[in-house]
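Notes to accompany the following structure.
The values are calculated or read from the model by the stated rules, or taken from the named source; none is laboratory data. Being a predicted model, the structure only gives us computed values, none of them experimental. As a convention, Cβ positions derive from the backbone with ideal geometry for all residues, glycine included, and neighbour counts pool all protein chains shown. Accessible surface areas use protein heavy atoms only, side chains included; no ligands, DNA or RNA. Shrake-Rupley method; radii C 1.70, N 1.55, O 1.52, S 1.80 Å.
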Amino acid sequence: MTGPLVLETLGLTKSFPGVNALTNVDFRLFAGEVHTLMGQNGAGKSTLINVLTGVHSHDAGEIRIDGESVRFAAPLEAEAAGIRTLYQEVNLCPNLSVAENIFAGRQPRRRGAIDWKAIHAGAREALAQLNISLDVTQSLDTYPIAVQQMVAIARAVSVDARVLILDEPTSSLDDSEVSKLFEVLTKLKQSGIAILFVTHFLEQTYAISDRITVMRNGQREGEYLAKDLPVDELVRKMVGDVPVTAQRTRSSSERNDAAAANRALPRFDMRGVGRRGAVQPIDLTLESGRIMGLAGLLGSGRTETARLLFGADRADTGSITVDGKPVKLGSPRHAVKHGIGYCPEDRKKEGIVAALSIRENIVLALQARRGWWRPLGRAKEKRIAEHYVKALGIRARDIEQPIELLSGGNQQKALLARWLATDPKMLILDEPTRGIDVAAKFEIMDRVMQLCAKGLGILLISSEIAEVLRLSDRIAVLRDRRKVAELSGDELDEQAVYQLIAGGEA
Ligand SMILES: Nc1ncnc2c1ncn2[C@@H]1O[C@H](COP(=O)(O)OP(=O)(O)OP(=O)(O)O)[C@@H](O)[C@H]1O
Ligand SMILES: [Mg+2]
């Protein structure tokens with residue numbers, strides 16, 4: 001049930017050099033509601049949050065809490081006012097225990113010493129409020145990302161939270177983890193907390209939202225009750241009058257073209273490739289012009305398989321051949337030399353180099369393959385970067401900006417550009433459209449299909465089963481770190497895939 005107005009902005013305006021990130025934005029947040037912010041990459045969602053939480057100051061306009069004008073000079077001030085935030089990139093300390101993470105910076109003390117008993121009990125209690133029970137003495141990184149996120153929420157709401165803000169919290173969660181998160185959010189909402197949520201997933205928006213605010217080009221397009229806004233209208237409002245590439249299935253002629261295209265391109269065979277603690281020995285054949293989908297839950301071994309192929313981790317067993325010839329792919333450098341590209345899922349950890357420019361980030365893999373002693377030259381780098389900025393619709397002021405200043409989705413596109421620029425023969429895409437808005441997502445997958453039709457082979461990893469099904473020629477299903485099935489043709493059926501993933505028989 002909608003409660004009183006808690007937080008409000010009036011005419012909020014914020015610009016960065018060369019970018020009007022927010023123009024005159026009015027926004028309202030009510031107690032006991034989930035309010036979702038939607039908009040394309042770079043629309044200003046994260047900026048709005050950053051201003052509300054004292055990360056950035058605003059240039060004009062007003063923020064009101066309970067009707068009183070406020071201005072936060074730092075995130076701690078917003079926190080003191082009861083505004084708690086999970087930012088787009090999770091910021092916990094992986095090597096501290098769960099309990100330490102929940103109490104970091106505010107440990108209860110007894111006679112001067114840290115009171116561990118109180119910390120552990122308090123952490124257990126904070127999690128119990130969300131119906132979660134964990135060994136709170138374990139270090140955080142022993143738990144999957146989904147659990148880490150719950151810990152972050154527990155930390156956020158454990159004292160006097162009035163507003164909980166979550167910027168794309170679900171992009172690395174699988175379906176069951178998302179429902180768990182939504183249970184927690186529903187519980188919090190019923191207790192009267194106001195929740196501000198950002199996501200690119202349309203289904204999730206409708207599953208959880210009471211209210212939706214649509215942002216476009218730094219402006220508020222409108223505020224709607226979710227029940228009054230049909231999904232196609234929502235998409236139109238986000239994108240404006242720009243036509244959206246339709247979400248499409250690869251046609252059979254495209255598939256055949258692709259198969260016929262350039263037989264000379266190599267074929268990669270993994271035979272019994274495995275690594276203790278990561279994946280059981282696995283067989284996979286990747287052909288040019290074909291998309292092999294990898295389906296499975298988070299933690300089923302999808303990323304681990306990709307890393308073995310790319311040589312990011314060393315296999316203990318098995319062999320890899322290219323066109324029947326054994327190759328040693330002991331390191332990413334070898335893999336790149338053989339034409340393999342790898343767009344990793346964790347763009348913060350293994351992807352972008354925050355301090356380098358967009359241009360430098362895009363040419364990075366290409367330069368690495370040529371060798372650093374043969375520089376590409378500034379003009380050529382500029383041409384390549386500009387080409388991809390245009391082709392993928394990367395929203396940037398100019399290519400010399402540090403990449404960290406791009407919005408999350410635009411960073412993801414730049415990462416894809418980095419690998420496309422190497423003109424790979426085999427491209428591993430691990431969650432390629434995470435954090436990318438609907439319009440851009442269809443564009444990107446469309447482009448990937450075009451490349452595939454020209455002979456590029458693809459290993460596609462995605463938590464969205466529907467996406468994997470739409471695009472793949474074959475799907476390998478992983479469960480508990482082993483391949484349990486490989487489907488093709490008529491077997492490519494949503495129900496069958498779900499059943500295999502979950503552990504039933506096909
Ligand atoms: N610190 C910064 N310095 C310069 N420009 C910035 C900065 N932060 C954001 N921007 C720019 O402001 C605009 C809005 O970015 P913002 O991160 O708010 O988008 P978003 O809606 O969250 O997008 P996404 O869905 O990709 O996360 C973008 O053009 C972005 O490049
Ligand atoms: Mg963002």
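Taking residues in region 53-72 that are under 14 Å from Arg28 (Cβ atoms) and of a type in the set (S, T, N, Q), and partners anywhere that are in a loop (DSSP other than H, G, I, E, B) and modelled with pLDDT of 95 or more, not one pair has Cβ atoms closer than 8 Å while being at least 6 places apart or on different chains. Can you confirm whether region 372-379 contains a residue that is surrounded by 12 or more Cβ atoms within 10 Å (Cβ to Cβ) and closer than 19 Å to Lys337 by Cβ? Yes, region 372-379 contains a residue that is surrounded by 12 or more Cβ atoms within 10 Å (Cβ to Cβ) and closer than 19 Å to Lys337 by Cβ. Inspection of region 163-181 finds no residue satisfying the criterion of being in a helix (DSSP H, G or I), more than 16 Å from ligand 2 (Cβ to nearest atom) and more than 19 Å from Thr205 (Cα to Cα).
Considering region 301-318, and only residues there that are over 18 Å from the mean Cα position of the chain (by Cα) and among the polar types (S, T, N, Q), the residue that is farthest from Ala466 (Cα to Cα) turns out to be Thr317. Any residue in region 383-406 that is within 16 Å of ligand 2 (Cβ to nearest atom), touching a residue at least 60 places away in the same chain (Cβ under 8 Å), open to solvent by 20 Å² or more (accessible area, probe 1.4 Å) and outside the structural domain of Gly296 (by TED's automatic domain parsing)? Checked against the condition, which is being within 16 Å of ligand 2 (Cβ to nearest atom), touching a residue at least 60 places away in the same chain (Cβ under 8 Å), open to solvent by 20 Å² or more (accessible area, probe 1.4 Å) and outside the structural domain of Gly296 (by TED's automatic domain parsing), region 383-406 yields at least one hit.
Table: residues versus (1) open to solvent by 30 Å² or more (accessible area, probe 1.4 Å); (2) within 14 Å of Lys187 (Cα to Cα); (3) touching a strand residue (DSSP E or B) at 6+ places or on another chain (Cβ under 6 Å).
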{"position": "Glu125", "(1), (2), (3)": "yes, no, no"}
{"position": "Ala128", "(1), (2), (3)": "yes, yes, no"}
{"position": "Asp135", "(1), (2), (3)": "yes, no, no"}
{"position": "Ser139", "(1), (2), (3)": "yes, no, yes"}
{"position": "Tyr143", "(1), (2), (3)": "yes, no, no"}
{"position": "Ala146", "(1), (2), (3)": "no, no, no"}
{"position": "Ala154", "(1), (2), (3)": "no, yes, no"}
{"position": "Ser158", "(1), (2), (3)": "yes, yes, no"}
{"position": "Ala161", "(1), (2), (3)": "no, yes, yes"}
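Here Leu469, Leu478, Leu492 are screened, and the one residue that is assigned by TED's automatic domain parsing to the domain that holds Met292 and either surrounded by 20 or more Cβ atoms within 10 Å (Cβ to Cβ) or among the acidic types (Asp, Glu) (or both) is Leu478.
Looking only at region 18-28, residues that are touching a helix residue (DSSP H, G or I) at 6+ places or on another chain (Cβ under 9 Å) and more than 16 Å from ligand 2 (Cβ to nearest atom) come to 0 in all.
Count of region 391-431 residues, restricted to those that are of a type in the set (Lys, Arg) and either under 13 Å from Ala354 (Cα atoms) or within 16 Å of ligand 1 (Cβ to nearest atom) (or both), is 3.
Within region 414-427, is even one residue in contact with a Lys or Arg (Cβ under 7 Å, 6 or more places away or on another chain) and either open to solvent by 20 Å² or more (accessible area, probe 1.4 Å) or among the β-branched types (Val, Ile, Thr) (or both)? Yes; the residues of region 414-427 include at least one that is in contact with a Lys or Arg (Cβ under 7 Å, 6 or more places away or on another chain) and either open to solvent by 20 Å² or more (accessible area, probe 1.4 Å) or among the β-branched types (Val, Ile, Thr) (or both). Tally the residues that are β-branched (Val, Ile, Thr), within 8 Å of ligand 1 (Cβ to nearest atom) and open to solvent by 40 Å² or more (accessible area, probe 1.4 Å), restricting the search to region 7-49. Residues in region 7-49 being β-branched (Val, Ile, Thr), within 8 Å of ligand 1 (Cβ to nearest atom) and open to solvent by 40 Å² or more (accessible area, probe 1.4 Å): 1 in total.
Among the residues making up region 135-180, a single one is of a type in the set (Lys, Arg), in contact with a helix residue (DSSP H, G or I) (Cβ under 8 Å, 6 or more places away or on another chain) and over 16 Å from Gly299 (Cβ atoms): Arg155.
Within region 366-379, is even one residue under 20 Å from Met426 (Cβ atoms) and in contact with a Phe, Trp or Tyr (Cβ under 6 Å, 6 or more places away or on another chain)? Checking region 366-379: not a single residue is under 20 Å from Met426 (Cβ atoms) and in contact with a Phe, Trp or Tyr (Cβ under 6 Å, 6 or more places away or on another chain).
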